[in-house]
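Peer 1: Below you will find the structure I want to go over with you.
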Amino acid sequence: MLMNRKRRPSHPLAMPVARFSALSLVCVATSGAALAQGANASLSGIVQDATGAHVAHARVTVVEQGKNARRTAESNDAGLYVLPQLPAGQYVVSVDAPGFATAQRNLMLTVGEHADLDVRVQIQATADVTVETSETVVEREDPSLSTVTGERSIRQLPLNGRDVTQLALLSPGVVPMRRGNPDSQGLGRQISISGRRTNQVEFLLDGTDVNDAYNNTPGGASGVILGVDSIAQFRVLVNGYGAEFGRTGGGVIDQITRSGSNRLHGSAFEFVRNSAMDTKNYFDSATQPIPHFTRNQFGGALGGPVGHGKTFYFGNYEGIRQALGTTTSAIVPNAASRARGVAAVQPYLAIIPTANGVDYGDGTAAYVSTSNATLQEDFAIGRMDRTLSDRTSIFGRYQFDNANVYTPDNLQISRAHNRSRAQYVTAQMTHSFSPRLVNQTRVAYNRSYYTLQYDITKTIDPSLSFVPGRPFGSISITGGPMIGPMRFGPNVNALNLFEGNDDLTLTLGRHTLAFGVDEKQIIFPQESAQSQNGFYQFNSVALFLAGTASSVEIALPGSNPQRKWRQHMDSAYITDTWRATDALSITGGLRYERTSVPNEVNGLQANVRNVLTDTADTVGPMYTNPSNLNFAPRLGFAYSPRKASNTSVRGAFGVYFDPLWTDFYLNAGSRQPPFYTIGGVKTGTPITFPNTVITSSNFSLGRIDVVQYNPASPYVMQWNLSVQQQLAKGAVLTIAYDANRGVHDQRITDENQAIPQIVNGRKFFPTTSVVRNPNFTSIRYKKTDGLSSVNALQATLSWQFHDILQMRSTYIWQKSIDTSSLVSAQGSENDITQDPDSLRAEKGLSNYDLRNYSSNSITSNLPNLGGPGWLGKGWSLNGIALFSSGAPFSALISFDNARARIGTGPSQERPDLFPGRSSNPIKGGPVQYFDPTAFALPTPGFFGNLGRNTMIGPGLVSIDGALNKSFAFGERARLQLRGEVFNIPNRPNFGIPSQRNVFATGGARVGSAGVITSTLTSSRQIQLGARFEF
């Protein structure tokens, strides 16, 4: 017997609403509707006899091992059978046909997999049953680019921090975000899939949406996703996924949780790290002891049956206790500069610690210090599964995570307190009406709660506060330090998501049809304050010493940043997977996805509807709805020649909408007059630091955040083509082309710049220039006119050799281009566009462009090393290696040299490039990573001619390893001792320069330009662990 397993136009497609109504009625009437979200797998194949003829009416039975849950199907006249909506797991597949011997196969189904299992049965000669194990070979049905990580890798790989997100970085098409902006991108580790933005990734847990309030990675305040022991399988969808997936244009992370089985099983573990086993960070003092570090990560899991094997339970707990000392560096005035400060600034200079590091020669020097951040996090999950009959099964799951992190700033003045609390509840029922008709219903309540607030830790004279009776405010010095806490806060986000979906799968001949609907409702209490304690901006250290502020802002009395938002998303889809021939499968689908406009329940919503002509905000809906005609087609194919079943060719095209969700209006929604008003002083009015008094005569409306009133629907067109070849038993090579194009991307602009003149084809701003709308000062404007494109080549080699070796090695070459990379909020990376009117001028490498990236993982069970059995057996060696080129960044000017009336924060203006010099003048090293002499100060009144993101930051090499020794206690219990080393080569993986300004006010060169003050990874750290399993 032989067996092969195969594994306006604001919208691109406008369809009359009546058509959608008809489609919706068909879905509801036919199916009760459905949205599978890919948590389950499917199995199909063709039953043939020894001559290759199709065998009809063969009975195919699958039994899930450990639970004895079974499903059956019958092959049709073409020999085709289909078993949809199977939970991922290990199965025994039996094929019975009259006159033929029974065939049995052991088979592993992975999350979201469309497995293809052809069976060739022999004429019955004896009563024997043939049992074989299906080996992983090429994918012959699913056209998407996706990768599944199984339990062995999840449990054995040395995941730093036991962070579930790190599993995604081992999949082709997934890269880490190399530039941070944590105040606006959520808490979890930021990842980019297929070169797209980090907030374009959807995270699914058992088929339900768990993205955080920033529409980003759902990590805790610790920055990681705990619960490695609760994950059964982990899947990453990169490109070309089917119509059952929506809500995102940048990839899907699909996780399923573990369940209990017929046998009692459990584990207990603890992992320990401390500074005694570590090496110093590059920026740690050579003469001082290594900063203190202790980390304990501990927990356990338990699962088993209840009663007689129809009900199963599983539970898992994990906790972290950590105290982490880190060395930080800040740029502060040197001794000579401090002496030149005017009397008004001397009390504030006294708040700033005295420089103790390198002097940059421009009046500034480094202040290096060690601070201690603390972390406490607790994670727990409980799941119950129940098999009601061979046709019906249900499960319920509750997950909880609570974390508190306290982090001092680099001047030891304030401390940030991040607190997160996530609770996810899901219930699901799967029912088989017949072997050809299966339905799945799922409901969920997912709550993500997050707060950020700042405490002043240094004793500061209350008389230095900018608002009487309030805590000390904030002073931002371009090219120097931030004195005091961030002016954005406190922030409170409590995202409550209610989700319900239903999926129906119907098999008709060679067609497998799926219909689905999904409903998401959010209740979102939110608070995002700004400048409640007062804020001063200085455009250089010299201007700070002179007490000459460029702007001042304060939230006026009566401003209310608290909002209660309501919003919903309605989706429906239909797909058809057609087994056109034994060698060719074609998948087509259409998805409709409509997102409502957010509604504030107390009417506290307003917006500037025309940023050029409006005189004030208009109370009412923030924007109009662009999603009423959001139809997204999908099409794909998979071809595998019968004479070469170890080869497959696959391709797909699809349209994927990015809904205007919480990340679109997060800040603008809570900072709009007349409900929240930030005041400043009129242009030309002297700013008396630190005692500026805002009166009715000098009042000017401060910076406001505005979203486009008539936005378009952002969407991404994805397409891919791949060839997969089995090289040997268990070894598969995949070569893929992965591409996408983003249309109507969100971007943030400085929209109320001055009115320019055109001189020799260039914008020129005279000294008398005035802003475009005199009724406002600065407007940070989020609009949907951005463009982006990604082209990538992927190569992946996967090899599984029995139980001895499992490895995956990937290489990606990609180029990611866009017109803006700013994701959502504060813009502390200076990524607001220089020219709000020219997409061409802002087109450049995206922040997510990592030109070369390679991920490698291996788990290996070593052979007997000799000697006594207790010593020579049970060894395993596991490892992860990541190699990456650097992330792009821009050179900047710290002040408004163009006289464009910059007002959205730190200046985003760029310099000129000297003729004949490289736009990427990299010198290397953290002292002066790039050569600032390659850049010239533009003629006043003109923008610089340097492009955006022309320089490339340092590369990354990260190699982690683990050596494990297991001691067996009988047949069912074992103790595993683990030694894990992170950053084995102890390589300092530098971040991009913290000082990217090359010119200060007046044209003086910034002495600290190109200085790098941080690393992206820790120095070499050793972790010891013990794990007991039974």
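Computed from the coordinates by the stated procedures, all read-outs in this text should not be read as laboratory data. Quantities reported herein were computed from a predicted structural model and do not represent experimental measurements. Here Cβ is always computed from backbone atoms with ideal geometry, including for glycine, and neighbour counts include all displayed protein chains.
Peer 1: Highest mean first, how do 460-470, 532-542 rank when packing is the count of other Cβ atoms within 10 Å averaged over residues?
Peer 2: Put in order of decreasing packing, that is 532-542, 460-470.
Peer 1: So what J values fall out for the range 770-780 if you push phi through Karplus, 6.51 cos²θ - 1.76 cosθ + 1.60 with θ = phi - 60°, rounded to Hz, Gly and Pro as x?
Peer 2: 10, 5, 5, 10, x, 7, 9, 8, 10, 10, 8
Peer 1: Can you give the net charge of the other residues whose Cβ lies under 9 Å from the Cβ of Gly396, counting K and R as +1 and D and E as -1?
Peer 2: Around Gly396, the surrounding residues sum to +2.
Peer 1: Which percent, nearest 5, of DSSP beta bridges in the chain are antiparallel?
Peer 2: Once the DSSP bridges in the chain are tallied, antiparallel ones form about 95 percent.
Peer 1: Go ahead and collect, in residue order, the members of the range 551-580 whose backbone nitrogen is under 15 Å from a label point 7 Å along the Cα-Cβ direction of Asn602.
Peer 2: Residues 558-566 qualify, since their backbone N sits under 15 Å from the label point.
Peer 1: If you don't mind, there's one more thing I want to ask. In sequence order, what are the phi-derived ³J(HN,Hα) couplings for the range 501-514 according to the Karplus relation 6.51 cos²θ - 1.76 cosθ + 1.60 with θ = phi - 60°, rounded to whole Hz, with x for glycine and proline?
Peer 2: 8, 9, 9, 10, 10, 10, 9, 10, x, 8, 10, 10, 9, 10
Peer 1: Which order do the peptides 447-456, 568-577, 189-198 come out in when sorted by mean C-beta neighbours inside 10 angstrom, highest first?
Peer 2: Order by mean packing, descending: 189-198, 568-577, 447-456.
Peer 1: Here's something else I'd like to know. With labels modelled as points extended 7 Å from the Cα through the Cβ direction, what inter-label distance (nm, one decimal) is found for Thr374 paired with Thr459?
Peer 2: Between Thr374 and Thr459, the label points sit 2.1 nm apart.
Peer 1: In straight Cα distance, which lysines are under 26 Å from Lys280, not counting same-chain residues fewer than 8 positions off?
Peer 2: Lys923
Peer 1: For n ≥ 4 DSSP H runs only, could you compute -39500 (n - 2.57) per run for the chain, divide by its residues and tell me the 222 nm figure to the nearest 500?
Peer 2: -1000 deg cm²/dmol
Peer 1: Among all the lysines, which ones have a C-alpha under 24 Å from Lys873's C-alpha, if same-chain residues fewer than 8 places away are not counted?
Peer 2: Filter leaves Lys965.
Peer 1: In nm, what is the difference between 0.36 nm times the number of residues separating Tyr811 and His57 and their Cα-Cα distance?
Peer 2: Result: 266.9 nm gained on full extension.
Peer 1: Dipole magnitude of the chain about its Cα centre, charges +1 at Lys/Arg Cβ and -1 at Asp/Glu Cβ only, in debye to the nearest 20?
Peer 2: In debye, rounded to 20, the chain gives about 700.
Peer 1: Report the full-extension gain for the segment Thr354 to Leu302: residue separation times 0.36 nm, less the Cα-Cα distance, to one decimal in nm.
Peer 2: Taking Thr354 through Leu302 to full extension adds about 13.3 nm, to one decimal.
Peer 1: Stretched out fully, how many nm does the piece from Thr647 to Thr624 gain, at 0.36 nm a residue minus the Cα gap?
Peer 2: 3.4 nm
Peer 1: A further question follows. How do the peptides 218-229, 900-911 rank, highest first, by the average count of neighbouring beta carbon atoms within 10 Å per residue?
Peer 2: 218-229, 900-911
Peer 1: Between Thr287 and Val467, what is the FRET efficiency for a Förster distance of 45 Å, r being their Cβ-Cβ separation, to the nearest 0.05?
Peer 2: That gives a FRET efficiency of 0.60.
Peer 1: Estimate the FRET efficiency between Glu270 and Leu862 by the formula 1/(1 + (r/R0)^6), using the beta-carbon distance for r and 25 Å for R0, to the nearest 0.05.
Peer 2: 0.55
Peer 1: What residues qualify as long-range amide H neighbours of Val119, i.e. H under 5 Å apart, gap of 5 or more or another chain, H built at 1.01 Å from N?
Peer 2: Those qualifying (amide H under 5 Å, at least 5 residues apart or on another chain) are Ile46, Val47, Gln48.
Peer 1: Just checking my list (i) 29.9, 103; (ii) 35.4, 105; (iii) 49.0, 188 against Rg and Dmax of the Cα atoms in Å computed from this structure; which label fits?
Peer 2: Checking each listed value against the structure points to (i).
Peer 1: I need the trypsin sites (Lys or Arg not before Pro) found in the range 205-273, filtered to DSSP loop residues with at most 15 other beta carbons within 10 Å of theirs.
Peer 2: Counting only loop positions with at most 15 other Cβ atoms within 10 Å, the trypsin sites (Lys or Arg not before Pro) in the range 205-273 are Arg263.
Peer 1: Also: Label-point separation (nm) for Asp570 and Phe1028, each offset 7 Å from Cα along Cα-to-Cβ?
Peer 2: Once both label points are built, they end up 5.6 nm from each other.
Peer 1: So how far apart, in nm, are the two label points at Trp870 and Ala616 if each is 7 Å from Cα heading toward Cβ?
Peer 2: 8.4
Peer 1: Could you go through the range 206-218 in sequence order and give the Karplus-derived ³J(HN,Hα) for each residue, using 6.51 cos²θ - 1.76 cosθ + 1.60 with θ = phi - 60°, rounded to whole Hz, and x for Gly and Pro?
Peer 2: 6, x, 10, 6, 10, 4, 7, 5, 8, 6, 9, 4, x
Peer 1: Give the aspartates and glutamates reachable from Lys682 as a straight Cα distance under 17 Å; neighbours fewer than 8 places away on the same chain don't count.
Peer 2: The reachable aspartates and glutamates, counting only those whose Cα sits under 17 Å from Lys682, are Glu553.
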